[in-house]
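To start, the structure under review is shown below, and the notes come after it.
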Amino acid sequence: MVPSRQRRHLFQCLDTICIFPDLSAMKNKINFQRLVLKNWVLIFLLLLICFFSILEPAFFSIRNVNNILIASTAVLLLAAGETFVIISGGIDLSVGFIMGFSAVSSATVMQFLFAKGAGYPEPVCIIAGCLAGLLLGLIPGLVNGILVARFRVPPFIATLGMYGIANGVAMKICGGFPVSFLPPLTGKIGNGYLAYYSSKSGLSLFQKPVLTDRADILALVRLVPVSVIIVAVLLIIFGLILSKTRFGQHTYAIGGNVDAAIRSGIDVPRHLIRTYVISSFLASCAGVLLVLRFTMGNHTQFGATYELFAIASVVIGGASLMGGKGTIYGTVVGVLLLGSLEIGFVMIGVEVFYRYIAVGCILIFAVLVDQVFPDLVHNE
Amino acid sequence: MKKTVIGLLVISLILAAAYGALAADKTFKMAFMPGIADPFYFTMEKGAQAKAKELGVELIVGEYPKAWGPESQVPILEALAARGDIDLIFTAPTSSEALIPVLKKIHDRGISVITVDTYIGDGDYTKKSNYNFPLAFIGTDNYLGGKVVAESLAKMIGGKGKVMIQNTNPDVSSVVGRGKGFTDGIKGTPGVKLVAHEYCLDNQEKAQAQVGAVLQKNPDLAGVFGVNVFSAQGAYRAIVNAGLTGAVKVATWDATEDLINALKKGEVDLVLAQKPGEIGSLAVEWGYKYLKDGTKIPDKKLVPGFFVFTKDNVNDPDAQQYIYSK
Amino acid sequence: MHKSFNFSDRDGLINLLTRIGRNWAIIFLLIELIFFSVTGTGYFSLLNFQNILVASTTVMLLAVGQTFVIITGGIDLSVGFIVGFSGVICAKTMVTLVAAGASQILSIPVGITVALIFGLVPGLVNGLLVAKLRVPAFIATFGMYGVAYGVAEIISGNVPVHNLPPAVGFIGNGYLLYYLPGKLSLFRMPDNLAPEELKLAVGIVPNVVIIALFLILIFTFILSRTRFGQHTYAIGGNMEAAKRAGINVSRHLIKIYMISSFFAASAGIIYVMKFVTGRADAGSARMLDAVSAVVIGGASLFGGTGTILGTVIGALIIACLEIGLVNLAIPTFNLYIAVGAILIFAVLVDQFFPEITYKK
């Protein structure tokens, strides 16, 4: 590998040389290389999509894109919340179980109010349930934040403890069984699309056309799932908070150097509490969304390891567990990468255990390039 | 004054000890060590608790392990046995080999052993072997159940078509057995072809995504077998979302209220109910009989069997007892 | 009698609190043991304490290896499946050799050696990825986690490996001494015991605990008394300074990840000995507990701090807690909550003590 000092020297030479027009093409090439390396994970994702589409043409279809997006909605929200926490230098292991807790809480409220049809009207039940889930879901985040910020419990232990507490409470509420008999409208919202197109009945907004023939049903084109719209809105809002507001700036500052942040007047404890509340809030959004999609509230199973995938996505997206780096955009690409790998391997028919090996290698490779040439990327 | 207080304390202490000793003689203490945190075992506990209350037996339940396997189960099992006051343990061994020495040690200390749902060795405790010490194996056969589902599903799709298995975890012996039973079961109907065998790790979202992907690749998919509660929920959600309810037949396992409700709505076509409540109840009942007067279980085996719910019998009053509930 | 408040009294109090603060982990462990012994049934018994030690060997070995990695500021997520990977290789080797006609005396040590050698490979790869290619430790080891699992399942054919030589279980479940009223036997339970005698027989010092202790002591020495250990702390404290001081950081990190891998492989072999079977998913449930043990023991995930003694106490705190709550027959959902809350508490109180001591 070329030592960085020599590389810098090389660039300086190139800069001087490039005042000559015939060598400006070389400089453009280097700029292009920098662009590729900076967005490596995204480009890698696109290459992967091409790879899967060549091996299995059915991969490259609107329905499959929808499938991948819908499957990723929960992890997207969890990982977005995790991004805030990791940038601030912490970690949140409880997100998967907060999701289960809020799913169970909101479903229980909906079930109770709906009373199998004999209770309140459906919209009332649903709104009440969603609010209950979202509000209750803030509590674990608040507790996490207070433990970390005021009591200086290491985030790993604080959120690991909350992982057990949130799950235990969720299982107590539902008794270990799924909470069902919810208003049917939940399923329509959670699984609905913005628009449907069918050759038989044309374009229709929100309303699914009634088709009977199997061929017609299979040919129905569904555009833009409602659940994905909800998630996209949340991601945009929180992405903007992170990148464009002072709150976001402070998060990076705390993650970069806590002492400097304190000295520059940031109320670090209060900020950290808010960070964990954001993580908790997004996790409870994920939980409520699950209820809307599956028309039932389930606690999170231990085997699902949501938090591991959320954290992995954030790190693939460019964050460091030491704090100070990371973006929502990077996290989203990381989540989509994992999601595409999952669906892609199912479609091309790779056997389960070879999949684990392949995913492991691919993940390492996806991150490798960014690390091997950091000088090239960061020497602006 | 002091002497009176001390005297009273001593007398009450003696009375308490005597009461404790007498009470200890009267009630049997049993312990239930489940396999994993799952509605199937919760229902088993419920059946066992009801029977224990009826017979006046004290029942202690071990922690439901978070993961399947001896690593998680054995410490809890040994902790229960180490209490020293347990007369009988009934457990669902999470490894047919690893639990043999562990349960043998427990048996040697004078605690009787019954295995429920799964077995050690090969499940035949009547022949001479190093695993013939349990009183009995009480449970249903996952492999056989898988076969039953295969045959029923094959019939439902008209004897030909593509099917897939939506499984959960390749390391859990019970669901692996169901998958194997299903795979062998469809061999009896040559027109039925298995196109995919996926694992969702108890994550219903993954199950939905995997079934959706297989459907995308095989638009003429005819049937799906969701091997437990979570894979079933994801599987039927995928079929409903694709608008193919009824066109693609969904077979599920474990009769939670939600799946029964889905059966009534037509989103699911078959629900296989094991009888966990009955298994738990039988374990307590026969354990009590053995502790009281040494009654042995014939053949050391009790198989309560399955109940298959379909749209035709889901509303039968006799069938309601097989639904799992809290 | 009058009591006057003077400075020597106050200093004494502060001294006491400081001493408690510094040794909080072990004091918490003792409080735990006392609490459960009093409220539990049969908790305070030789059998139960030995069960706790045996149950905690997997977490303890994983955690000790993880300590080295965490001190350098990294993390090793692959250990969860290296346990299964090396366990499967160990079991498969033994089964294959025995089936080919080799004796148990030969196949068992060969199986163990092969598993240890293969068990070092993931560590080597992790180390190369992290040190030479600068892949973040989280991703490198997360990737290796998947690879180890996939390879383990493929080798075992997705079936737990069966038919191991019986001596394996004999070692894994055996004790150094067996005591019966009147008889003391070394290594094996006396034969032909009547059922009543069998009930009273007690094993003393489980074999697997001896093996684990042996490994832990060796590496405690390495971490605390050798230059290797010093360098480990140096790298964790400030990697740049360590480089400038002449430490070959890359090579050192590779060795660190190989140590972690080695401990995971040892845990896998001990698993095979305890359970007489090789399973690919052997250690996955214990990984989170292992990292928790290291953090409870005083290490920081940012690196630079941590001791093996702290880690061992952390692992014991977790094991004693779970067994204690099971002993009390706490209903499962309450148990999950209790474990979470008590773990937080265990670390929480530790934070109060330094404040008191530094308030001058």
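The values are calculated or read from the model by the stated rules, or taken from the named source; none is laboratory data. Quick caveat, the model's predicted, so the values are computed rather than measured. With ideal geometry, Cβ positions are generated from the backbone for all residues, glycine too; neighbour counts draw on all protein chains shown.
Summary of values
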read-out	value
Qualifying residue in segment C:337-350 (condition: away from chain A (no Cβ under 11 Å), assigned to a helix (DSSP H, G or I) and not aromatic (F, W, Y))	no
Of all residues in segment C:120-130 being more than 17 Å from A:A312 (Cβ to Cβ) and surrounded by 23 or more Cβ atoms within 10 Å (Cβ to Cβ), the one that is farthest from the other protein chains (Cβ to nearest Cβ)	C:G123
Test for C:A267: is it modelled with pLDDT of 95 or more, within 12 Å of another protein chain (Cβ to nearest Cβ) and either within 29 Å of C:A152 (Cα to Cα) or in contact with a Leu (Cβ under 9 Å, 6 or more places away or on another chain) (or both)	yes
In segment C:154-185, the residues that are in a helix (DSSP H, G or I), of a type in the set (G, A, S) and farther than 20 Å from C:G84 by Cα	C:A167
Filter result for A:G326 (farther than 17 Å from A:G137 by Cα and either of a type in the set (F, W, Y) or surrounded by fewer than 24 Cβ atoms within 10 Å (Cβ to Cβ) (or both))	no
Counted residues, segment A:131-149 - those being away from every other protein chain (no Cβ under 11 Å), part of a helix (DSSP H, G or I) and surrounded by 24 or more Cβ atoms within 10 Å (Cβ to Cβ)	3
Conditions (1) buried (at least 21 other Cβ atoms within 10 Å of the Cβ); (2) away from chain C (no Cβ under 12 Å); (3) out of contact with any Pro (no Cβ under 8 Å at 6 or more places or on another chain); (4) of a type in the set (V, I, T); number of the one not met by A:V153	(2)
Test result for B:A67, surrounded by fewer than 22 Cβ atoms within 10 Å (Cβ to Cβ), touching a residue at least 24 places away in the same chain (Cβ under 8 Å) and in a loop (DSSP other than H, G, I, E, B)	yes
Helices (runs of 4 or more DSSP H) contained in segment C:186-258 and holding at least 1 residues of a type in the set (A, V, I, L, M) and closer than 30 Å to C:I52 by Cβ	C:195-200, C:207-225
Every residue from segment B:47-71 that is basic (K, R) and either within 13 Å of chain C (Cβ to nearest Cβ) or in contact with a His (Cβ under 7 Å, 6 or more places away or on another chain) (or both)	B:K66
Top-ranked residue in segment B:105-131 [being closer than 26 Å to B:D171 by Cα and at the interface with another protein chain (Cβ under 9 Å from one of its Cβ atoms); ranked as surrounded by the most Cβ atoms within 10 Å (Cβ to Cβ)]	B:K105
Of residues in segment C:196-255 being of a type in the set (F, W, Y) and farther than 22 Å from C:T58 by Cα, the one nearest to the other protein chains (Cβ to nearest Cβ)	C:Y233
Any hit, segment A:107-122, residues being within 14 Å of chain C (Cβ to nearest Cβ), not in a helix (DSSP H, G or I) and not acidic (D, E)	no
Number of positions in segment A:80-106 that are away from chain B (no Cβ under 14 Å) and in a helix (DSSP H, G or I)	14
C:V54 being among the β-branched types (V, I, T), within 13 Å of chain B (Cβ to nearest Cβ), surrounded by fewer than 24 Cβ atoms within 10 Å (Cβ to Cβ) and in a helix (DSSP H, G or I)	yes
First in segment B:82-96 and more than 8 Å from chain C (Cβ to nearest Cβ) and surrounded by fewer than 22 Cβ atoms within 10 Å (Cβ to Cβ), second anywhere and of a type in the set (A, V, I, L, M) and assigned to a strand (DSSP E or B), Cβ under 9 Å, 6 or more apart	B:D87/B:M30; B:D87/B:A31
Whichever residue in segment A:210-223 is surrounded by 15 or more Cβ atoms within 10 Å (Cβ to Cβ) and β-branched (V, I, T) and, among such residues, is modelled with the highest pLDDT	A:V221
Selection within segment C:207-239 - under 18 Å from C:M258 (Cα atoms) and without any contact (Cβ under 8 Å) to a residue 12 or more places away in the chain	C:L217, C:I218, C:F221, C:I222, C:T226, C:R227, C:G229, C:Q230
Residue in segment C:173-183 that is on the phi < 0 side of the Ramachandran plot, away from chain A (no Cβ under 14 Å), among the hydrophobic types (A, V, I, L, M, F, W, C) and buried (at least 22 other Cβ atoms within 10 Å of the Cβ) present	no
Within segment A:199-229, considering residues that are touching a residue at least 60 places away in the same chain (Cβ under 8 Å) and under 20 Å from A:I126 (Cβ atoms), the one farthest from the other protein chains (Cβ to nearest Cβ)	A:V228
Identity of the residue in segment A:166-198, touching a helix residue (DSSP H, G or I) at 6+ places or on another chain (Cβ under 6 Å), facing another protein chain (nearest Cβ under 8 Å) and without any contact (Cβ under 8 Å) to a residue 60 or more places away in the chain, that ends up surrounded by the most Cβ atoms within 10 Å (Cβ to Cβ)	A:G168
Residue within segment A:255-271 that is modelled with pLDDT of 95 or more and either surrounded by 22 or more Cβ atoms within 10 Å (Cβ to Cβ) or closer than 15 Å to A:V75 by Cα (or both) present	no
Failed item in (1) in contact with a Cys (Cβ under 8 Å, 6 or more places away or on another chain); (2) within 14 Å of chain A (Cβ to nearest Cβ); (3) of a type in the set (A, V, I, L, M, F, W, C), with C:V294 passing the rest	(1)
Count of residues meeting criterion [within 21 Å of A:F52 (Cβ to Cβ), of a type in the set (G, A, S), touching a strand residue (DSSP E or B) at 6+ places or on another chain (Cβ under 6 Å) and assigned to a helix (DSSP H, G or I)] in segment B:168-217	1
Selection within segment A:273-305 - facing another protein chain (nearest Cβ under 8 Å) and not basic (K, R)	A:L290, A:F294, A:M296, A:N298, A:Q301, A:F302, A:G303, A:A304, A:T305
Of the criteria (1) in contact (Cβ under 8 Å) with a residue 12 or more places away in the chain; (2) part of a loop (DSSP other than H, G, I, E, B), which one B:V271 fails	(2)
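One line per residue, one yes/no per condition, for (1) modelled with pLDDT of 95 or more; (2) touching a Pro at 6+ places or on another chain (Cβ under 6 Å); (3) closer than 21 Å to C:V294 by Cβ:
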| site | (1), (2), (3) |
| --- | --- |
| C:L62 | yes, no, yes |
| C:G111 | no, no, no |
| C:G123 | yes, no, yes |
| C:F142 | no, no, yes |
